[in-house]
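Note sheet for the following structure.
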Amino acid sequence: MPQASQWLFPLFSDHENYDRVTMKQFSDLHLYTGSKCNRQCDFCIVSGRPDGWYKPLTAETLDAALGLVPMDATIKFYGGEPTIDVENMLWAFAYLRARGFVGWLTIFTNGVLADRIVRLLEADAKTDVVLNYSILHGEDAEPIPAKALATLTAYAVANPDRIYSSHAGVFPFGRGAEFVAAVGQDHIVERMHTSFDKKIEVGEMNIETANQIEARGFRLCPRCRPVVGTDGRHHACPFAVESSAPHFDLGSIGESSEIVLHRFQNFLDWINDVLEPAAERFQIHPCLVCTHKLSELPIYNGAPEK
Ligand SMILES: C[S@@+](CC[C@H](N)C(=O)[O-])C[C@H]1O[C@@H](n2cnc3c(N)ncnc32)[C@H](O)[C@@H]1O
Ligand code: SF4
Ligand code: SF4
């Protein structure tokens, strides 16, 4: 595992800290274009692969996203590998800006297509990039090609605060669950320690919180903000986005934003009231409950829909 002095790019932190329990501060959202990827990482939570599915962003997808967040929020692009269709991303940036979106456009990428990443960064001054920690450091994954790393490093030196590294944790959902089973708990704990070290270093976490989470066996759902998918669905979890279980279903694109947000609040309540207590009962990570035991859990425990 790399030590602090060897971390190549600063840890990405959300531009605005959000309340993970209620909807009051809905400061970011994910756009998902499918599992198609130019890599096939063993731990990949969305089962990214070269023959994965891909659908480009459309006006309908972007309008649905704009209906859910304020104009100064952060819109996060991921996949699969979003840079594969760089022209579609450039079009999406222009579309969002033309409609008055002034927040950050954040791209989660493996960094392999570095020239395209630079093109995206150059196209819009409020765009930033989060590189996959594992690929960046060759930890459990084939490392980023040296030429791509050199391109990104040079850009970062000339343009601070535009390129970051992702968190180092590995969550056991989907293919990630198989990976965790294969490498064993000690390795996962080591990666969580690296993840926490990075968060402590940037002030995103303190040592007491890190110790409390570890004492709880890391059995916490990160409660990420939801996803608008180019498959036409609103999905509650960016990690479980490939799951069609009804627990994650926030509805179809085209439904009113109010209803989608209401369902997401119900989902947050379900994590608190159903999912995490079940993880404690089973003594497993909640992502494993989402992978293997959802059929044993009721869907939402929240208020009925308006
Ligand atoms: C699914 S990837 C898609 C974007 C891009 N291909 C990449 O690798 O960054 C988005 C983020 O998910 C993270 N990720 C993938 N598998 C994970 C897992 N099992 N646990 C936690 N994060 C994971 C990656 O590190 C990356 O930051
Ligand atoms: S983690 Fe990213 S690069 Fe790796 S397979 Fe998944 S989507 Fe592709
Ligand atoms: S625990 Fe479930 S809802 Fe939370 S991140 Fe994992 S898969 Fe998603």
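The values are calculated or read from the model by the stated rules, or taken from the named source; none is laboratory data. Note that this is a predicted model, so its numbers are computed, not measured. With ideal geometry, Cβ positions are generated from the backbone for all residues, glycine too; neighbour counts draw on all protein chains shown. Side chains included, ligands, DNA and RNA excluded: accessible areas come from the protein's heavy atoms. Shrake-Rupley method; radii C 1.70, N 1.55, O 1.52, S 1.80 Å.
Name the residues in the stretch 242-283 that are among the β-branched types (Val, Ile, Thr) and either at pLDDT below 95 or closer than 20 Å to GLU296 by Cβ (or both), would you?
Across the stretch 242-283, the qualifying residues are ILE259, VAL260, ILE271, VAL274.
Yes/no matrix, rows are residues, columns are (1) among the aromatic types (Phe, Trp, Tyr); (2) touching a strand residue (DSSP E or B) at 6+ places or on another chain (Cβ under 8 Å); (3) open to solvent by 10 Å² or more (accessible area, probe 1.4 Å):
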position	(1), (2), (3)
VAL228	no, yes, no
HIS235	no, yes, yes
VAL241	no, yes, yes
ALA245	no, no, yes
ILE253	no, yes, yes
SER256	no, no, yes
ILE259	no, yes, yes
LEU294	no, no, yes
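For the stretch 196-291, which fully contained strands (runs of 3 or more DSSP E) count at least 1 residues that are in contact (Cβ under 8 Å) with a residue 40 or more places away in the chain, under 22 Å from LYS36 (Cα atoms) and among the aliphatic types (A, V, I, L, M)?
227-229
What is the number of the single condition among (1) within 16 Å of ligand 1 (Cβ to nearest atom); (2) surrounded by fewer than 22 Cβ atoms within 10 Å (Cβ to Cβ); (3) more than 14 Å from ASN110 (Cβ to Cβ); (4) not hydroxyl-bearing (Ser, Thr, Tyr) that ASP72 does not meet?
Result: ASP72 fails condition (1) only.
Look at the stretch 125-151 and say how many of its residues are open to solvent by less than 30 Å² (accessible area, probe 1.4 Å) and in contact with a strand residue (DSSP E or B) (Cβ under 6 Å, 6 or more places away or on another chain).
Residues that pass the stated criteria total 7.
Keeping to the stretch 122-144, report how many residues are touching a Gly at 6+ places or on another chain (Cβ under 9 Å) and more than 9 Å from SER166 (Cα to Cα).
Going through the stretch 122-144 one residue at a time, the tally reaches 5.
Quick check on this structure: which one of ILE213, ILE163, ILE200 is at pLDDT below 90, under 29 Å from VAL69 (Cα atoms) and more than 11 Å from ligand 1 (Cβ to nearest atom)?
After applying the criteria, what remains is ILE200.
Would you confirm whether any residue within the stretch 206-221 is open to solvent by 40 Å² or more (accessible area, probe 1.4 Å) and within 12 Å of ligand 3 (Cβ to nearest atom)?
Yes - at least one qualifying residue is present in the stretch 206-221.
Those residues that are buried (at least 17 other Cβ atoms within 10 Å of the Cβ) and within 28 Å of GLY203 (Cβ to Cβ), I need them from the stretch 174-190; list them, please.
GLY176, ILE188
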